[in-house]
Structure formats: C-alpha cells, structure tokens
Amino acid sequence: MRPREFALRMLAAVCAAGLCGAALQAQRSAGRKPATHTVTIDGAQFSPTAIEVKAGDTVIWVNKDILAHTATSTSGGFDSKVIESGKTWKFVARKKGDFPYLCSFHPMKGRLKVR
C-alpha cells in the first residue's frame with residue numbers, strides 16, 4: 001500500500017469513528033503560529049477595552065499617553081508595573097481564562113480573554 005493511500009484510509013477511519021472534527025482541529029492548532037495583539041493606552045483609556053486572544057499569543061500595551069500607567073490584572077494573572085509614556089510592555093498569554101485588568105494609578109479598566 002502506498003503512503004498516500006494509507007493516509008487516506010487512516011483519515012477515513014478516524015472520520016468514521018466520529019473523530020474527524022477533533023483530528024482536523026488538532027492539526028490546525030498544531031500548525032498555528034502565535035499572534036501579536038496591541039492595546040493602545042491614550043487619553044487615559046485602554047483601546048480596545050476588551051481583547052480576546054489565544055493561549056500562546058502576545059499582547060503588547062503601547063503607552064501613547066503623557067502619563068505613566070499600568071496594566072494590572074485584578075485576578076493576579078499579570079502586572080506590567082509602570083509603563084512610562086512612550087514605552088511598551090509585552091505579555092505572553094499562556095493561561096486560559098478571563099482577566100479583567102486596570103491601571104493602578106487611574107480609573108481605567110480593560111479585559112483580556114484568553115482561549
């Protein structure tokens with residue numbers, strides 16, 4: 001039996017067992033490269049206010065405001081410490097969950113959802 005024929009038969013067997021969707025999803029996930037997302041801080045606001053990313057993705061907070069800010073998870077998931085004006089902070093989202101966050105200095109709120 002040729003390798004291509006073998007692969008097709010195996011795929012047919014997996015699909016017949018009702019696992020085709022799971023097998024294809026696993027294959028897609030394995031080949032997925034992590035993405036980078038940006039949250040801008042300007043005018044004492046996070047933009048976007050809510051962001052959804054996948055585990056392994058990087059989120060970069062860019063402070064374009066004249067004041068220093070933080071991106072501090074209220075559930076303890078992450079803490080940027082001080083992000084000075086004109087500076088950035090990177091975070092690799094490894095843990096799945098819903099992470100509301102705020103600025104420790106100003107009344108600003110955001111939400112990071114990691115799937």
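Readers should treat all values here as calculations from the given coordinates under stated rules, not as data from a laboratory. Only a predicted model underlies this, so the values are computations on that prediction, with no experimental measurement involved. Reconstructed Cβ throughout: ideal geometry from the backbone, glycine too, with neighbour counts over all protein chains shown.
Rounded to the nearest 0.05, the FRET efficiency derived from the C-beta distance between residue 33 and residue 104 at R0 = 41 Å is 0.80. Among 99, 105, the order by Cβ neighbours within 10 angstrom, fewest to most, reads 105, 99. Remark on residue 40: its backbone amide H falls under 5 Å from those of 47, 62, a criterion applied only to residues 5 or more positions apart or on other chains, H modelled at 1.01 Å from N. The slack between residue 87 and residue 115, meaning 0.36 nm per residue of separation minus the straight C-alpha distance, is 7.4 nm.
Here region 36-114 is treated with +1 on each Lys and Arg Cβ and -1 on each Asp and Glu Cβ, and its dipole about the Cα centre works out to around 260 debye.
Annotation: amide H-H contacts under 5 Å for residue 68 (H modelled 1.01 Å from N, sequence separation of 5 or more, or interchain): 85.
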